[in-house]
Structures are given as C-alpha cells and as structure tokens.
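Structure, as structure tokens:
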Amino acid sequence: MFATTILGVTLGTIWYILIFFAWVIIALWPASIARAKGRSFWLYFIISLFFWWITLFVVLFMKDTGTKSTASVPKE
C-alpha cells in the first residue's frame with residue numbers, strides 16, 4: 001500500500017526514467033553509424049526510436065555516401 005520513495009519519487013517512476021534514457025541511448029547507436037556513413041543523423045534517430053533493431057541492421061549494411069574515391073577522378 002505504501003510506495004517506497006527516494007527524494008519523493010517512487011521506485012517505479014525511477015525505473016521508467018532509467019528505461020527511457022536507455023531507450024534513447026540505444027536509439028543513438030544506429031543514428032551515429034548512419035551519420036558516419038554520410039546519412040541524416042536525425043532521420044535515422046527518429047526511426048530508430050521505434051525500430052532500433054531494424055534500423056541498426058539497415059545502417060550496418062548500407063554503403064558509405066561520404067567522400068568519393070580519388071582513383072576515379074582524372075588528374076589534370
């Protein structure tokens with residue numbers, strides 16, 4: 001009947017806050033990989049908030065769109 005509190009916050013609320021922060025940190029993982037590959041960080045972050053396991057799989061196997069190789073550029 002009585003809820004255990006720490007500084008006036010119930011332990012259930014503390015768990016919800018911890019789970020929320022873990023959820024956001026896990027969503028940052030695919031988004032940071034996408035940014036390193038030249039894709040939109042925020043787009044992949046929003047998508048990975050809901051489907052992080054699918055987004056991570058897609059990001060790991062997509063090609064890098066960053067800098068082009070210098071071998072294909074003719075020298076003058």
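Read-outs: derived from the displayed coordinates by stated rules, not from any lab. These numbers were taken from a predicted model, which means no experiment stands behind them. Every residue, glycine as well, gets a Cβ built from its backbone with ideal geometry; the counts of neighbours run over all protein chains shown.
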Relative packing of 55-62, 10-17, 31-38, which averages over residues the other C-beta atoms within 10 Å, highest first: 31-38, 55-62, 10-17
3J(HN,Hα) from dihedral phi, the range 36-45, Karplus parametrisation 6.51/-1.76/1.60, rounded to Hz, x for glycine, proline: 5, 8, x, 9, 6, 4, 5, 4, 6, 5
Spin-label model distance (nm) - Leu18 vs Val58, 7 Å beyond Cα toward Cβ: 3.2 nm
At R0 = 22 Å, FRET efficiency that the Cβ-Cβ distance of Leu11 and Leu49 yields, to 0.05: 0.30
